[in-house]
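Working notes, beginning with the structure itself.
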Ligand SMILES: [Zn+2]
């Protein structure tokens, strides 16, 4: 039966549009129950039990559970608890959930797919009997509620099994009971069950009155949606994403199209949480301020200090929240001091997230655990947002727990590979078939070797080079042919695309592809025949490219060397083996290539990198080793860059619309301001107008007596940079393809397909270019590629953050029982703090410049003109050398902090002698 | 009024979820929209038909074959009939009201496409020095306008008694979610994106009279989408053939056509 929906709506221009939609009502939509003898559903479609036993004391009879939209949105965590089974999710509800929150919809969808949950999606809107037409004057919400009741009633009559409607809406419950249904609030139902976790996961929305200690009058109610929309239309209110400041919990910015709006103080923040989309009102220009330049970590104060020196920014206040980014947070429980209280404060590990009030009866058990909590909402009169417990991760401070926290916080998929993925792998004893061999160039007799860091098991590149009779050189880069094993559309391909990158943590590696590929079949190990994708150049002695060939090949690496071994071979003149001569050729050419690149304006940047030597048994860090810098590293890098650039040119030529490339946007000039200022105080002029000038001025900024000065400048320069991004060539303007850091007009990633999915795609594109493989539709779809790039960029960023956090975690473990004096350099001078870089550990810490005793004034005076702090005759500039004492402050179990205490230069009443009185409150900001 | 319904297949659970996620109106990917049609809808025309394809509604009138008027002498092909097609959209046929323009590019293109398909079935060589007018008016446009227009034209030509080789039937197909082929695309589905393939075929001899793609297809998908469109044509043929037989059963026909 066909139902026609005709409705009129106005479009943006104000024209009236007639919309006619078809709506089919059918009789062949089944109920999905095993108890049913009428419906002609197949057995595997019957997911609901024939005798759904009641699991809650709230309902005596057997029943199926129906939920309304709000119950699902509010209680999605409880719904995910495996205790609730035999659920019927109605299409009406599904669509409303989808419309209101895509995150909740995704999770609901997962629940419906889980076989053990016995959850059936009933397409009630298209079933003849359960379709409900909107009555005159009825709101959409009322109509949907009625549709839910009608469908529940239909089930009850159809199957003669009770339908239980779980809803927190009293009116809805009353109407349902009138119709002969059982209706309960979800909380009442959950409390009747014997599941310990279900109740804990209930949303806090059912809480009644707030306790006195939670009450506050700091916040103003948000404007109603209609006022917000009118305000935006009138240009008085502005919508944008909300970013909480990492250093100052009373400060945030809202990014608008044209400018950023600064929010200061609790009242202005008005209950927004990092990641939300908010609507702000901009304050009059007389109230505009500069960011405070202060480090504030306690929520209890509310004095916003102004920094007069910096430029003023528009300020504003939040008047509404359009979209809450409801996420889960890791953290710890701050158990209520009152015995027997069930409401406790939860302290998130991320500092820019406020504390959350949750209810739990297991506070004693959870007190020393890392737990995960979700926010439900933030009532206007409440001091804290309200949330509920989701799960516990493990004991605080355990390396395993902390690692899990780290992975969770960075959204890194670290579960085991599923059976379906492993089924796509080749056999363990896979060898190269003759058929495959015939299709490829046989390079087994060419001397190829790989050069990698020590202990590397996923070797994805190998090199060769020799002199040709005409005096030119043939150089080749051979990359593991991962796309041979990972075919488009397979489970393993989807999984790899989802993971996007291998994540390297200090003590573990989370692979993008299963071990068999990453450490064996795709790893170009010495002495084993492997499939490769080769990029071979003829280079003149001046390292100019004369010709480039790409082909799939079979190689047999002569040796898998470490950087150190390769370096030794090059330097050892007596070593005249083929491997050594080949390395020497590569080394020579790489030097020329590098020089040319630098002449073109490529930047050499520095970031402090260290490595831990880890006890293989206890996994505890034993000592810190700085990563050595060897010439062979830059040799490999040069050839990888060359290969990437060559491949980028090739795929862009063949697929101008859908090539996957990587760009690095030029940073806006104002990004360089701190660098230019800091260098200026030291008497150096940094010209950041172009990459080339920047590179030159960095080279010239050398202090004879201070070799670390230049490195510091380069570290600062790295901070000014923007993130490099993957993109689809068809979705981006040509002018934006440029890679600023490498000074390359186009660039891509080709050389590490084992650990980056972008390279897999590039391999497929290149294979299609040379006719070695066929294309498939998603590969040629620029939008799909662009979506993929979004994920790749996100995962890459998260992997970087996770790696940094992992180093930090191990630094903390390392300092647990140690106190050390270390040399450091002042990176920034802030109004109330010094930010200090410790080269040995590659970490940064802050020394807050105030006396611990609040009554005493700080001995420091801040000079905002040249950014210095002075106390007596001691003046602190950026780049000054200091000596600090490092130790671990474990007073806050959640945030173990590295404490830095000033030792040198001596400031009376502030600095410490190594045994003396400890005064300053110090903490690091890297965590 | 004469209505013909396609018998709908039974819906499977997975399809239910699928349909919901593609935002369609609860039609299976292989189901046509409901087809309703009527022959002889315009009394003063020599042959006419009214056809609904879901919400797409088309009225076709055929005039002729008649002797070519003197002012069109130049067009006369002495050997065969001159087929004069005209496709137009009613001002109220689309979402927004539009005043029709005489030389609308879109309409002209449709006219040419219709002409191409009709030319392949009309036995013009039997009717030298004559003209046949096929006037197509789209009353409501909701996707598959060409298909509705061509199918209705076939009906109207049959009603007018114009000699045809066989029926010519058109149908569209597209890809849902980039992988599942689906037939008979509505306007909503068109706007959801994805390329749309239109095929006009002669169902008995399985010849293809016309094809058009709205966007590029990847060659991997073309085959199955083509097969889906052809299957759609065959299903559509059954409905239309049935309608013709029922119509002639009702009004009577010299050779007992439709009576057997
Ligand atoms: Zn049933």
key: Given (1) surrounded by fewer than 19 Cβ atoms within 10 Å (Cβ to Cβ); (2) part of a loop (DSSP other than H, G, I, E, B), number of the condition residue A:446 does not satisfy   = (1)
request  = May I ask you to verify whether residue A:228 is in contact (Cβ under 8 Å) with a residue 60 or more places away in the chain, outside the structural domain of residue A:847 (by TED's automatic domain parsing) and touching a strand residue (DSSP E or B) at 6+ places or on another chain (Cβ under 8 Å)?
outcome  = yes
query = Quick check: is even one residue across the stretch B:58-78 modelled with pLDDT of 80 or more and part of a loop (DSSP other than H, G, I, E, B)?
reply = no
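Those residues that are part of a strand (DSSP E or B) and at pLDDT below 85, I need them from the stretch A:345-368; list them, please.
Once the filter is applied, which keeps residues that are part of a strand (DSSP E or B) and at pLDDT below 85, the stretch A:345-368 yields only A:359.
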task = Determine whether residue A:257 is within 29 Å of residue A:393 (Cα to Cα), part of a loop (DSSP other than H, G, I, E, B) and either more than 14 Å from chain B (Cβ to nearest Cβ) or away from the ligand (no atom under 16 Å from the Cβ) (or both).
result = no
task = With respect to residue B:196, determine if the residue is free of Cβ contacts under 8 Å to residues at least 40 places away in the same chain, under 28 Å from residue B:97 (Cβ atoms) and buried (at least 19 other Cβ atoms within 10 Å of the Cβ).
result = yes
ask   = So residue B:122 clears everything in (1) surrounded by fewer than 21 Cβ atoms within 10 Å (Cβ to Cβ); (2) more than 14 Å from chain A (Cβ to nearest Cβ) except one condition, right? Which one?
value = (1)
request  = May I ask you to verify whether residue A:783 is in a helix (DSSP H, G or I), surrounded by fewer than 20 Cβ atoms within 10 Å (Cβ to Cβ) and in contact with a helix residue (DSSP H, G or I) (Cβ under 8 Å, 6 or more places away or on another chain)?
outcome  = yes
query = Can you tell which of A:139, A:112 is within 20 Å of residue A:167 (Cα to Cα) and modelled with pLDDT of 85 or more?
reply = A:139
task = Working only within the stretch A:762-778, note down all residues that are in a helix (DSSP H, G or I) and either within 13 Å of another protein chain (Cβ to nearest Cβ) or more than 32 Å from the chain's Cα centre (by Cα) (or both).
result = A:768, A:769, A:777, A:778
query = Among the listed residues B:11, B:2, which satisfies the condition of being modelled with pLDDT under 85 and within 12 Å of another protein chain (Cβ to nearest Cβ)?
reply = B:11
request  = Enumerate the strands (runs of 3 or more DSSP E) found wholly within the stretch A:20-131, keeping only those where 3 or more residues are within 14 Å of chain B (Cβ to nearest Cβ) and more than 13 Å from the ligand (Cβ to nearest atom).
outcome  = none
task = Taking residue B:179 as meeting all but one of (1) under 10 Å from the mean Cα position of the chain (by Cα); (2) within 14 Å of chain A (Cβ to nearest Cβ), write down the number of the exception.
result = (1)
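Yes/no matrix, rows are residues, columns are (1) more than 14 Å from chain B (Cβ to nearest Cβ); (2) within 24 Å of residue A:79 (Cβ to Cβ); (3) within 16 Å of the ligand (Cβ to nearest atom); (4) buried (at least 19 other Cβ atoms within 10 Å of the Cβ):
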| position | (1), (2), (3), (4) |
| --- | --- |
| A:139 | yes, no, no, no |
| A:143 | yes, yes, no, no |
| A:152 | yes, yes, yes, yes |
| A:159 | yes, yes, yes, yes |
| A:168 | yes, yes, no, yes |
| A:174 | yes, yes, no, no |
| A:189 | yes, yes, no, yes |
| A:203 | yes, yes, no, yes |
task = Enumerate the pairs (first residue in the stretch A:24-39 and within 23 Å of residue B:27 (Cβ to Cβ); second residue anywhere and at pLDDT below 80 and within 8 Å of the ligand (Cβ to nearest atom)) with beta-carbon separation below 7 Å, excluding pairs fewer than 6 apart on the same chain, so at least 6 apart or on different chains.
result = A:30/A:41; A:32/A:41
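Can you tell me which of A:561, A:583, A:517 is part of a helix (DSSP H, G or I) and in contact with a strand residue (DSSP E or B) (Cβ under 8 Å, 6 or more places away or on another chain)?
Of A:561, A:583, A:517, the one residue that is part of a helix (DSSP H, G or I) and in contact with a strand residue (DSSP E or B) (Cβ under 8 Å, 6 or more places away or on another chain) is A:583.
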remark   = Given the conditions (1) surrounded by fewer than 19 Cβ atoms within 10 Å (Cβ to Cβ); (2) touching a helix residue (DSSP H, G or I) at 6+ places or on another chain (Cβ under 9 Å); (3) more than 14 Å from every other protein chain (Cβ to nearest Cβ), every one holds for residue B:205 apart from (2)
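The values are calculated or read from the model by the stated rules, or taken from the named source; none is laboratory data. The model shown is predicted, which means the values in this text are computed figures rather than measured ones. In this analysis, Cβ positions are derived from the backbone assuming ideal geometry, glycine residues included, and neighbour counts consider all displayed protein chains.
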